[in-house]
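**Student:** Submitted below is the structure of interest, expressed as structure tokens.
The values are calculated or read from the model by the stated rules, or taken from the named source; none is laboratory data. Predicted, not measured: the structure shown is a model, and the values here were computed from it. Don't worry about glycine lacking a Cβ; one is built from the backbone with ideal geometry, like all the others, and counts go over all protein chains shown. In case anyone asks, the SASA skips ligands and DNA or RNA and just uses the protein heavy atoms, side chains included. Shrake-Rupley method; radii C 1.70, N 1.55, O 1.52, S 1.80 Å.
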Amino acid sequence: MFINKELVKRHCKIELDDNSDDVLLENYIATAEQKTISHLNRNLYSKFVPKKDPDGLVINAAIIQGMLLLVTSLHEHRGAVADLEELSHFSIFRFLVDDYRLSKL
């Protein structure tokens, strides 16, 4: 995982000792990472890209911030999300990560 619960809790302004949503937060983190990788059409790595993955990318601050935005959105909008809110969050996410996206052929 590229982001951890402590970082997410700080970002979402959740008390660090509040463990009531830890299982949900872990799921949101995994979901945000999976959706980011899928959106970028490339694998992400923490330190270096293996030679066998020419399209791989070392994760950077903008991508991490995009993931945190997705986690925050999932956490804050557990129920139905208005179309306008959903579009706004996704637009900011895309602003942060689209520079690193490989287009599908």
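**Student:** Using DSSP to define loop residues, name the GluC sites (Glu not before Pro) in segment 1-80 whose beta-carbon has at most 15 other beta-carbon atoms within 10 Å.
**Tutor:** Hits after loop and neighbour filter: 15.
**Student:** Let me ask something else. Would you mind giving the three semi-axes, in whole Å and largest first, of the ellipsoid equivalent to segment 4-81 according to its Cα gyration tensor?
**Tutor:** Gyration-tensor ellipsoid for segment 4-81: 26, 14, 10 Å.
**Student:** Right, something else. Normalised by the number of residues in the chain, what is the relative contact order in percent for Cα pairs under 8 Å and 6+ residues apart?
**Tutor:** Relative contact order of the chain: 30 percent.
**Student:** Still on this structure: Counting only heavy atoms of the protein chains, get the accessible area per residue of the chain (1.4 Å probe) and round it to a whole Å² value.
**Tutor:** Value returned for the chain: 66 Å² of accessible area per residue.
**Student:** Next question. Segment 1-70: which trypsin sites (Lys or Arg not before Pro) are DSSP loop and have at most 11 other beta-carbon atoms within 10 angstrom?
**Tutor:** Hits after loop and neighbour filter: 13, 47, 51, 52.
**Student:** Averaging sequence separations of C-alpha pairs under 8 Å and six or more residues apart, then dividing by the length of segment 16-68, give the relative contact order as a whole percent.
**Tutor:** Once normalised by length, the contact order is 28 percent.
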